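Just below is one structure, and these are the notes that go with it.
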Amino acid sequence: MKQGQSDGRAAGHDGWPGEQGLNMLINRAAGILLALSLLVSPAWAKNFAVPDKDPAVVISIPDNWTTEEIAYGYSAQSPGKDVFFSVEFAGADEVKKMLENNDKWMKENNIKKVPPNQAEMPLNGIPTTVFQYVTTDENGPTTVEFVLMAAGKKRMIMLTLWGSVAEREKHGKAIDAIMSSVRPIN
């Protein structure tokens, strides 16, 4: 190479990038990592640790769902308020009261109480008992599920999902994301 010519690389004599080239590589790599993290991260969700004190699970709710604190935990409603979800927790001595509160909630929402289908099944590796009510409300056919899971230290966590088949299909991706986000804290 003639004096004053460059081979196109911003490099030192040993072939490694010079300081300017190294900074450019780092900035590009950081930009790529940031872009990838935005694609993968649940920046679209509010995260809740349940119960508040000494949590047993973490759950994520989409930002476009309305959330509020309720007697035993948190509730969320889809945009349009057509699907209801809640996560509640209680100590062993309060579980009966929490369940009675949910019976009252069903009456207040004109959900006809019918015998539930019951199943034992894991949710993201967590053993649960599911009570599914295939029933009606003031809008017609609907389904309500209560998902009970032990939370250690004589505590119980209950997830509630309420909506018609059409409403659940409309918000299917969000519901799947919520249910997939339930993770134990070990």
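Any read-out appearing in this document is the output of simple, stated calculations on the displayed coordinates, not a laboratory observation. From a predicted model like this one, the values you see are computed outputs, not experimental measurements. Positions of Cβ are generated from backbone atoms using ideal geometry, with glycine treated the same way; all protein chains shown enter the neighbour counts.
Do we have GLU100 as over 19 Å from the mean Cα position of the chain (by Cα) and over 15 Å from PHE146 (Cβ atoms) here? No: the conditions fail for GLU100. Among the residues of the stretch 65-79, which ones are buried (at least 18 other Cβ atoms within 10 Å of the Cβ) and not in a strand (DSSP E or B)? Listed by number, the residues that qualify are TRP65, TYR72, SER78.
The set of residues in the stretch 49-64 that are surrounded by fewer than 14 Cβ atoms within 10 Å (Cβ to Cβ) and not small (Gly, Ala, Ser) comprises ASP52, LYS53, ASP54, ASP63, ASN64.
When the stretch 62-91 is filtered for residues that are free of Cβ contacts under 8 Å to residues at least 24 places away in the same chain and more than 24 Å from ASP176 (Cβ to Cβ), only GLU69 remains. Filter the stretch 127-164 down to the residues that are exposed (fewer than 14 other Cβ atoms within 10 Å of the Cβ) and under 20 Å from the mean Cα position of the chain (by Cα) and list them by number. Selection gives PRO127 alone.
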